[in-house]
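Heads up, the thing below is written out as structure tokens.
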Amino acid sequence: MATDIHDRRLRRGRRWWDLVSPVHSSAGGSSTQATVLALRYLDLRKGHSVLDLGCGSGAALPTLSAAVGPSGRVVGIDYSPRMLARADAVLRERGIQNVELRRADATRVALEPASFDAAYACASISAMPDIPAALTTVRRALRPGGRLFVFDMRLVPRGWSTPLIWLIQGIYRVSAGWTGVDVLDSARDIFAEVTLPDLPGKEGVGQPSAGWPPYTVFVATVSP
């Protein structure tokens with residue numbers, strides 16, 4: 001039964017991301033704020049290996065590729081074939097050679113243990129059919145001291161925003177198969193250390209712990 005539910009959520013998510021792929025932000029544009037922030041906290045260097053979990057149409061791939069250089073490698077994983085087709089087209093157009101794309105369920109994909117220096121996930125883990133499994137996959141794939149940067153939805157109702165959060169929860173559940181599991185709380189259960197960095201222009205203000213706006217940004221670190 002659990003497997004059947006997982007597979008239904010996976011198919012629902014694939015249909016949704018295939019549908020929105022034509023209007024999804026692509027790697028053809030400039031670096032997103034999320035990728036710029038990720039570079040600050042992941043400390044990527046030439047020769048590093050980095051995992052892009054739920055890479056979508058590849059908005060972060062050129063930036064990650066440039067950060068690790070020709071001697072490094074980037075592996076982008078996504079379950080939507082149309083998203084991957086868009087990412088592949090941009091990589092070919094730019095002649096980027098150090099990026100590998102894989103179509104896979106990120107909660108089940110087989111990755112060599114301790115084979116990546118860093119991982120990046122932007123608006124992807126919350127849409128996966130098993131959030132703890134996806135985070136566990138990343139933790140196992142990271143080397144000791146490796147870091148995961150996450151920018152994602154956090155749909156925790158609180159205060160005046162509760163009706164809005166409930167509405168977004170319903171839409172997200174129906175469209176992308178959201179499971180109701182919180183990404184940040186799951187990461188705190190799985191990783192040795194989880195920190196919430198300041199955001200540009202909001203230093204010292206802190207991030208919304210719940211409610212509105214419904215997002216979270218965090219860095220999860222594997223034990224050295």
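Things worth noting here:
- Sparsely packed trypsin sites (Lys or Arg not before Pro) within the range 46-86, loop by DSSP, other Cβ within 10 Å at most 16: LYS46
- Anisotropy class assigned to the range 96-158 is prolate, per the alpha carbon gyration tensor with a/c at or over the 1.5 cut-off and a/b larger than b/c.
- Most mobile listed residue (ASP185, ASP78, ASP105) in the chain, GNM with C-alpha springs under 10 Å: ASP185
- Amide hydrogen neighbours beyond the local backbone of GLY72, cut-off 5 Å, H modeled: GLY47
- Adding -39500 (n - 2.57) for every DSSP H run of four residues or longer, then dividing by how many residues the chain holds, sets the calculated 222 nm ellipticity at -12000 deg cm²/dmol.
- Nearest-20 debye value, the chain charge dipole, Cβ charges on Lys, Arg, Asp, Glu: 360 debye
- Sequence-distant contacts, meaning Cα pairs under 8 Å at least 6 residues apart, place the relative contact order of the range 66-146 at 30 percent.
- Whether the chain is rounded, prolate or oblate, judged on the alpha carbon gyration tensor where a/c under 1.5 counts as rounded: rounded
- Lys, Arg +1 and Asp, Glu -1 on Cβ, resulting dipole of the range 134-189 about Cα centre, debye, nearest 20: 240 debye
- Dipole of the range 2-221, positive end: most advanced residue of LEU61, ALA133, TYR215 [Cβ charges, Cα centre]: LEU61
- The range 105-120 - phi-based ³J(HN,Hα) in whole Hz, Karplus 6.51/-1.76/1.60, Gly and Pro as x: 7, 5, 7, 10, 4, 8, 10, 4, x, 6, 9, 10, 7, 7, 9, 9
- Relative contact order [Cα under 8 Å, 6+ residues apart], the range 2-221, whole percent: 20 percent
The numbers here are math on the coordinates, done by the rules we state, and not lab data. Keep in mind that what you see is a predicted model, and the values were worked out from it rather than measured. FYI the Cβ positions are ideal-geometry reconstructions off the backbone, even for glycines, and counts take in every protein chain you see.
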